[in-house]
Amino acid sequence: MTEQPPSTTPSSPVPLPAGAPAADSPTPEELRQRRQAQTGLIVGVVVVVVLLIGGLVALFVAPPETTAKVRDIFIIIMAFESLLIGFVLVVLIVQVAKLTNLLQHEIKPILDSTNETVSTLRGTTQFLSDNLVEPVIKLNEYSAALKQLLSLLGLARK
């Protein structure tokens, strides 16, 4: 049996060891999670379909008294669900109020402080540019011009 040369992918110049998975291929753990998700989805769809068919059959086969009782129970369940949704909405509104408070009283001062720091830094760089960098550049210009003049006159060594 001959040993295979290491395989490389077009996007990476580093050779991969023989038998190593490519960067795009899913790991066995990811494959297992995908299969579990697909199985759960299929089971959920089957359960919903069976419940719908059972409900329709019971609706036409059951006596009217039983249908009235099921209707009443369903109305009670819907009322509890409405109460639960109302409670969740109140919790959501409280959380949005807390987030708004956080943004106004904690994040906004941080942003204001950051803007002030950036303005100070901008002023400092402008000051350094005007009072330090420009004079040094002008001095370099004058020294280069003097050196060139002396070189043209033959007074300076190269």
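Rule-based calculations on the coordinates, nothing more; no lab input. Everything numeric here is computed off the predicted structure, so don't read it as measured data. All Cβ positions, even for glycine, are placed from backbone atoms using ideal geometry, and neighbour counts span all protein chains on display.
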*Paramagnetic reach from residue 66 in the range 29-55 [backbone N under 12 Å; point 7 Å along Cα→Cβ]*: 55
*asked:* On a full-extension model of 0.36 nm per residue, what is the gain between residue 78 and residue 113, subtracting their alpha-carbon distance, rounded to one decimal in nm?
replied: 7.5 nm
_Pair residue 41, residue 24: separation of 7 Å Cα→Cβ label points (nm)_ = 2.2 nm
*Tell me the label-point distance for the pair residue 89, residue 33, using the 7 Å Cα-to-Cβ offset, in nm and rounded to one decimal.*
3.6 nm
*Estimated D of the range 89-158 in µm² per second, where Rh is the Kirkwood radius over Cα pairs and Stokes-Einstein applies at 20 °C, 1.002 mPa s*: 124 µm²/s
_log10 of Debye I(q)/I(0), alpha-carbon scatterers only, for the range 50-121 at 0.15 Å⁻¹_ = -0.73
